[in-house]
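The values are calculated or read from the model by the stated rules, or taken from the named source; none is laboratory data. Being a predicted model, the structure only gives us computed values, none of them experimental. Here the Cβ positions follow ideal geometry from the backbone for every residue, glycine too, while neighbour counts run over all protein chains shown.
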Amino acid sequence: MLRYTTAGESHGKCLITSIEGLPYGTPVALESVNAELARRQGGYGRGARMKLEKDEAEAITGVRQGHTLGSQVTLQIMNRVQNSEELNPITRPRPGHADLAGAMKFGTQDARDVAERSSARETAARVAAGAFANGFLAAFGIRALGFTVEIGGITSDTRIDEPAELMRVRDESLFYTLDKSLDERLRARVDEVKAAGDTLGGIFEVRVFNLPPGLGTHAGWEEKLDGRLAQALMSVQTVKAVEVGLGFEAARRQGSQMHDEILRGGNGEIARSRNNAGGIEGGMTNGQTLVARAACKPISTLRKPMQTVDLASKEAAQALYERSDVCVVPAAGVIGEAVVAFEVARAFLAKFGGDTFAETKQRFDAYRKLLEQYAR
Ligand SMILES: Cc1cc2nc3c(=O)[nH]c(=O)nc-3n(C[C@H](O)[C@H](O)[C@H](O)COP(=O)(O)O)c2cc1C
């Protein structure tokens with residue numbers, strides 16, 4: 001079973017991800033992993049730290065001569081700032097952070113020990129693992145792409161159904177939306193909120209194109225793909241809600257206005273009237289584009305700090321402020337793309353398996369052939 005873990009702290013030596021379960025001979029392109037790490041550091045609204053870090057992943061195990069060895073793949077990203085031993089304690093926990101709950105959990109007055117790990121710096125490792133998985137999927141023509149749909153109440157409704165075009169348009173936008181013409185409005189909104197010492201949240205979407213039907217399962221709750229996606233997305237720092245397809249809107253519709261009719265297409269193939277389900281029915285991909293969205297709360301560290309209690313003095317205090325991002329929705333979309341790609345790759349390998357990449361490919365091709373019976 002494909003799985004990964006991450007390790008490392010925000011100001012420690014490095015971040016690490018360990019990926020288990022990739023077949024032998026999977027082509028490895030670290031350039032595309034590094035391109036995603038760079039995208040995670042970008043997007044308008046990031047703080048000074050992003051200018052300090054220039055993330056690069058190095059494969060330290062499991063890769064040789066450009067392909068996987070069938071053993072554990074470990075990717076390492078060095079931290080530019082490695083001063084965790086010298087950092088001041090955090091005794092004034094920040095509302096919206098893991099600071100207070102974590103300090104109580106560990107029985108300490110210094111939430112720094114918690115913040116070093118709860119920080120979204122950890123997501124660099126998740127992006128590395130997810131970009132690796134996205135590279136694996138690309139070899140089968142499958143592509144996960146994340147983009148911003150809303151920041152601070154300003155929404156982009158633009159939809160692009162062609163993956164290469166989507167990527168091109170998204171990468172031209174300062175906020176990774178599909179509508180560059182919104183850049184100036186969004187920039188003004190972020191600048192205005194920043195000047196007030198406040199922060200902004202928003203929504204990102206991830207689409208996965210060219211999926212075969214049948215990834216995931218209806219049979220066991222742990223492996224339902226929508227359930228796995230919800231867990232993966234919800235675990236991203238700042239994410240507070242996840243939708244697949246119409247999501248919450250589905251609750252307001254009558255059945256006839258919700259479900260996607262099954263039709264015969266012009267070439268005898270099975271087609272659907274629309275994609276309200278977001279490409280998943282019964283915990284499995286149905287052959288349509290997978291569509292998932294996540295809502296990000298505004299960043300918790302405010303330059304105009306909120307009220308807190310100093311854990312050392314027990315006095316009322318203002319929450320700690322350390323240089324911080326103002327809006328991370330674009331970066332969250334990069335992380336969302338990564339975690340979704342990983343879950344899809346996991347479901348893909350659960351279905352097709354294989355010790356070697358060639359074997360996986362054979363099985364995938366055989367399945368594609370089998371599916372032709374539905375097109376007659
Ligand atoms: C890419 C990214 C960057 C973030 N940067 C910051 C930051 O600079 N300052 C901050 O207070 N929170 C930041 N956050 C959010 C916190 O990490 C997060 O809100 C906190 O760990 C609490 O977790 P929760 O939101 O899941 O409850 C960032 C989140 C992401 C996804």
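Restricted to the stretch 109-132, and to residues that are within 10 Å of the ligand (Cβ to nearest atom) and of a type in the set (Lys, Arg), which residue is surrounded by the most Cβ atoms within 10 Å (Cβ to Cβ)? So that I can check it myself, show each step before the final result.
Here is the first cut: in the stretch 109-132, the ones within 10 Å of the ligand (Cβ to nearest atom) are 114-115, 117-124, 126-127.
Narrowing further to those that are of a type in the set (Lys, Arg): 117, 121, 126.
Numbers: ARG117: 16, ARG121: 23, ARG126: 25.
Among residues in the stretch 109-132 that are within 10 Å of the ligand (Cβ to nearest atom) and of a type in the set (Lys, Arg), the one surrounded by the most Cβ atoms within 10 Å (Cβ to Cβ) is ARG126.
Kindly provide the set of residues from the stretch 305-333 that are among the basic types (Lys, Arg) and modelled with pLDDT under 95, ordered by number.
Across the stretch 305-333, the qualifying residue is only ARG323.
When GLU53 is evaluated against the numbered criteria (1) surrounded by 14 or more Cβ atoms within 10 Å (Cβ to Cβ); (2) within 16 Å of the ligand (Cβ to nearest atom); (3) at pLDDT 95 or above, which criterion, by number, is the only one it fails?
Looking at each condition in turn, GLU53 falls short on (3).
Of all residues in the stretch 243-272, which are of a type in the set (Gly, Ala, Ser) and outside any loop (DSSP other than H, G, I, E, B)?
First pass over the stretch 243-272, keeping only residues of a type in the set (Gly, Ala, Ser): 245, 247, 250-251, 255-256, 265-266, 268, 271.
Selection gives GLY247, ALA250, ALA251, GLY255, SER256, ALA271.
Is there any pair with a first residue in the stretch 226-243 that is under 19 Å from ARG207 (Cβ atoms) and a second that is near the ligand (Cβ under 8 Å from one of its atoms) and of a type in the set (Ser, Thr, Tyr) whose Cβ atoms are under 8 Å apart and which are 6 or more apart or on different chains, and what are they?
The qualifying pairs are VAL236/THR123.
Given the residues GLY141, GLY135, which is the only one that is out of contact with any Asp or Glu (no Cβ under 9 Å at 6 or more places or on another chain) and surrounded by fewer than 17 Cβ atoms within 10 Å (Cβ to Cβ)?
Testing whether each residue is out of contact with any Asp or Glu (no Cβ under 9 Å at 6 or more places or on another chain) and surrounded by fewer than 17 Cβ atoms within 10 Å (Cβ to Cβ) leaves just GLY141.
Give the number of residues within the stretch 188-204 that are of a type in the set (D, E, K, R) and within 16 Å of the ligand (Cβ to nearest atom).
Residues meeting the conditions: 2.
Suppose we filter the stretch 15-46 for residues that are of a type in the set (Phe, Trp, Tyr) and touching a Pro at 6+ places or on another chain (Cβ under 8 Å); how many remain?
Initially, the stretch 15-46 is screened for residues of a type in the set (Phe, Trp, Tyr), giving 24, 44.
Next, from what is left, pick out any that are touching a Pro at 6+ places or on another chain (Cβ under 8 Å): 44.
The qualifying residues number 1.
Look through the stretch 205-246, keep the residues that are more than 15 Å from the ligand (Cβ to nearest atom) and β-branched (Val, Ile, Thr), and return whichever of them is farthest from the chain's Cα centre (by Cα).
The first filter runs over the stretch 205-246 and keeps only residues more than 15 Å from the ligand (Cβ to nearest atom), leaving 205, 207-229, 243-246.
Narrowing further to those that are β-branched (Val, Ile, Thr): 208, 217, 244.
Details: VAL208: 12, THR217: 22, VAL244: 14 Å.
Once the filter is applied, the top-ranked residue is THR217.
Quick check, is GLY268 modelled with pLDDT under 95, out of contact with any Leu (no Cβ under 8 Å at 6 or more places or on another chain) and surrounded by fewer than 16 Cβ atoms within 10 Å (Cβ to Cβ)? So that I can check it myself, show each step before the final result.
Details: modelled with pLDDT under 95: yes; out of contact with any Leu (no Cβ under 8 Å at 6 or more places or on another chain): yes; surrounded by fewer than 16 Cβ atoms within 10 Å (Cβ to Cβ): yes.
Criteria met by GLY268.
Residues that are within 16 Å of the ligand (Cβ to nearest atom), modelled with pLDDT of 95 or more, crowded, with 21+ Cβ neighbours inside 10 Å and within 20 Å of the chain's Cα centre (by Cα): does the stretch 24-34 have at least one? Before the answer, list the steps.
Narrowing the stretch 24-34 to residues within 16 Å of the ligand (Cβ to nearest atom): none.
No, the stretch 24-34 contains no residue that is within 16 Å of the ligand (Cβ to nearest atom), modelled with pLDDT of 95 or more, crowded, with 21+ Cβ neighbours inside 10 Å and within 20 Å of the chain's Cα centre (by Cα).
Please go through (1) in a loop (DSSP other than H, G, I, E, B); (2) over 27 Å from GLN109 (Cα atoms); (3) not polar (S, T, N, Q) for LEU87 and return the number of the only condition it doesn't satisfy.
It is condition (2) that LEU87 fails.
For residues that are among the basic types (Lys, Arg) and either under 19 Å from the mean Cα position of the chain (by Cα) or part of a strand (DSSP E or B) (or both), tally how many sit in the stretch 1-23.
Within the stretch 1-23, residues that are among the basic types (Lys, Arg) and either under 19 Å from the mean Cα position of the chain (by Cα) or part of a strand (DSSP E or B) (or both) number 1.
Conditions (1) among the charged types (D, E, K, R); (2) under 29 Å from SER32 (Cβ atoms); (3) in contact with a Lys or Arg (Cβ under 9 Å, 6 or more places away or on another chain), marked per residue:
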| position | (1), (2), (3) |
| --- | --- |
| ARG168 | yes, yes, no |
| LEU186 | no, yes, no |
| ASP191 | yes, no, no |
| GLY227 | no, yes, no |
| GLN237 | no, yes, no |
| GLU249 | yes, no, no |
| GLU261 | yes, no, yes |
| ARG264 | yes, no, no |
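Six or more apart or on different chains, Cβ under 8 Å: which pairs go from a residue in the stretch 310-324 that's touching a residue at least 40 places away in the same chain (Cβ under 8 Å) and among the acidic types (Asp, Glu) to one that's part of a loop (DSSP other than H, G, I, E, B) and more than 16 Å from the ligand (Cβ to nearest atom)? Could you list them?
Filtered contacts from the stretch 310-324: ASP310/THR91.
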